[in-house]
1. Given (1) closer than 30 Å to Leu139 by Cα; (2) loosely packed, with under 15 Cβ neighbours inside 10 Å; (3) of a type in the set (S, T, N, Q); (4) modelled with pLDDT of 95 or more, where does Ser215 come up short, assuming only one miss?
2. Condition first: surrounded by 22 or more Cβ atoms within 10 Å (Cβ to Cβ) and outside any loop (DSSP other than H, G, I, E, B). Now tell me which residues in segment 238-252 satisfy that.
3. When the residues of segment 255-269 are narrowed to those that are over 30 Å from the mean Cα position of the chain (by Cα) and of a type in the set (A, V, I, L, M), which ends up most open to solvent (accessible area, probe 1.4 Å)?
4. Just a yes or no: is a residue in segment 274-297 over 20 Å from Asp99 (Cα atoms) and either charged (D, E, K, R) or open to solvent by less than 40 Å² (accessible area, probe 1.4 Å) (or both)?
5. For segment 84-109, which positions are of a type in the set (A, V, I, L, M, F, W, C), surrounded by 21 or more Cβ atoms within 10 Å (Cβ to Cβ) and under 21 Å from Asp297 (Cβ atoms)?
6. Kindly evaluate Ala558 against the criterion of being in a loop (DSSP other than H, G, I, E, B), touching a Ser or Thr at 6+ places or on another chain (Cβ under 8 Å), aliphatic (A, V, I, L, M) and surrounded by 14 or more Cβ atoms within 10 Å (Cβ to Cβ).
7. Can you name every residue in segment 334-366 that is assigned to a strand (DSSP E or B) and buried (at least 16 other Cβ atoms within 10 Å of the Cβ)?
8. Being closer than 25 Å to Ser193 by Cβ, in a loop (DSSP other than H, G, I, E, B) and of a type outside the set (D, E, K, R) is the filter; apply it to segment 123-167 and report the residue that is least open to solvent (accessible area, probe 1.4 Å).
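The values are calculated or read from the model by the stated rules, or taken from the named source; none is laboratory data. What you see is a predicted model, and the numbers here were worked out from it, not measured in a lab. Note: ideal-geometry Cβ built from the backbone for every residue, glycine included; neighbour counts use all protein chains shown. Ligands, DNA and RNA are excluded from the accessible area calculation, which covers all protein heavy atoms including side chains. Shrake-Rupley method; radii C 1.70, N 1.55, O 1.52, S 1.80 Å.
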Amino acid sequence: MKLFRRTSKDNTVSQSRRGRLRRVKRLAFEVLEVRRVLASLPFGAFPEDTGEFMLGKVAVTPVFLESNGTRDPNLEDWSPAEIQSTLQNINEGLQWWVDTLATISPTSYLEFSLDTTYATTPVATQYEPISRISNHYTLWVDEFLSSVGFTGETQSAVRNFNIAQREKLNADWSFTIFVVASGPDGQFAPGGSFSRAFAFAGGLFEVVPSARPASTFAHETGHMFWARDEYFLGTSDSYANRRGYYNTPNTNAADNPAQGFVQQPSIMAAGTLLDTAYANHLLPPSTRAMIGWQDSDGNGIFDVLDVPLKLTGSGFLNSTTGAYQFQGEASVQTMPNLNPEGFKNDITINRIREVEYRFNSGVWQTISQPGTYVASLNLSIPVPTNATTIEIRARDSRSLVTSNVFSGRIARADATQVPGINGYAWVDTNKNGLRDTGEFGVAGWNVSLLGSSGQMLNLRTTIEPDAYPDGLLTTNFSPLVSLNAVGVDTDGRVGVFVDSVNSTGTKNFRSFSTSAGSYLSTWTGSSRRLQINFASPTSEVEIDAIGAANLSYGRLEAYNSAGQLLGRYST
């Protein structure tokens, strides 16, 4: 592992690495590269992120199970009428969320797209699910998954099935509903963890007996986007627990100890409170926040999407064509994901849906509709005879988020302003100190950064493990930076050792594992992370890391001196 740093404003970077990936990535406070594995994958998401917040398009796959008597007695059977009535309950339960959202944020977008392939024709199973305890769900869930080509550990196989369904339906998120044929009481055999419906949160799956009403499907769907139960469940979903993109506390839980607390009606509660919420489309603020529906500034855009788009570039009037030429890039940006569960990726479903311009502060006009997360722009805009100024912006007409505005003057060349040392060198023919139309740079010029006494400045520091002896890292590169191992399986020590797996040289940095009693080369997400503390402001960090296994990943997180997360990058 190598460490590079450049000075500016950050104080702490935490890094963990896992994965068969040899990459050098920079952490800077600007938009990060697009990570698109599937055509429908949200920006910043792993494929496994199948239900991080309840906005956008959601693929839903109901799977109806039909016992065939091979192993268990065939006690329950689906009739065509029962299939249709259950599908209607599913649709009504999902539509409840769409209608409730419309009462909270009419401009927000939510759509559920159903694939009923495995519902209209129920899937045969050798088990009778409802006659068994709920904990036996893996038997018939695994049986179904295997029949459609997904094997392995149950939750991983379901996740992979959901990923395939998301791609099939071109959705942002995806989950599965397993519905078991049941008698009127809709209960599993006594002795299991659940008597009726249950769910595995975060875009995995629900298990619902067919006798349950539409409100049950609505309730379990809340879990798909991290909502917690709010009725008495011991400690598993109590007031003290948090979840969701904003790390929201479960303040509407029945065990809230606050003096005078009165539990509000909620779809995640039970009994009368659930029924009241379902009938009147009620949802407490804490429940809304858990699923991503939090609007802190009251501007009508939920926080998770209320992140400005970014526009960079430069423009000038082409005197030959009479058009204003603009070249640059528009990109989405993300809000830090504080969810204590899931993969903690910073995700958005915003897109660069429109690029707009206007002259002399007039009406915005659309010139391009990329529909992508990052759009390279090469615009040629006809200029009216009376135009003196031009403005350009990127916009997402679905979420209503816009970018910073590029402001240009027709009589000269302009560029967007970005932090740091940047700009243009040009031949100022008329010596007015402005870059006017027709004034361009000269090829072959070099620009050097000098100190006050004229010496060349080197703002880049490289820490190479090959430069240090094997064993405990005794120097901490004072006063520039200090390296520490943090996590539940380390005592803080960082060492340097020769290793056959490296990208340059022969050594890498290792953390001391208290459980193993030795230095290990693998850094993990929770047990052993590399923490890098800077003594002076730092703007850019690069880590050269090599993963230990396929399908793993590396992550950089940047914090300020107050411990606030400023930015995150995942390979």
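1. Answer for Ser215: the failing condition is (2).
2. Result: Arg243, Thr248.
3. Once the filter is applied, the top-ranked residue is Val262.
4. yes
5. Result: Leu101, single match.
6. Considered against the rule, which asks whether it is in a loop (DSSP other than H, G, I, E, B), touching a Ser or Thr at 6+ places or on another chain (Cβ under 8 Å), aliphatic (A, V, I, L, M) and surrounded by 14 or more Cβ atoms within 10 Å (Cβ to Cβ), Ala558 comes out as no.
7. Thr348, Ile352, Glu354, Val355, Glu356, Tyr357, Arg358, Phe359
8. This residue is Tyr127.
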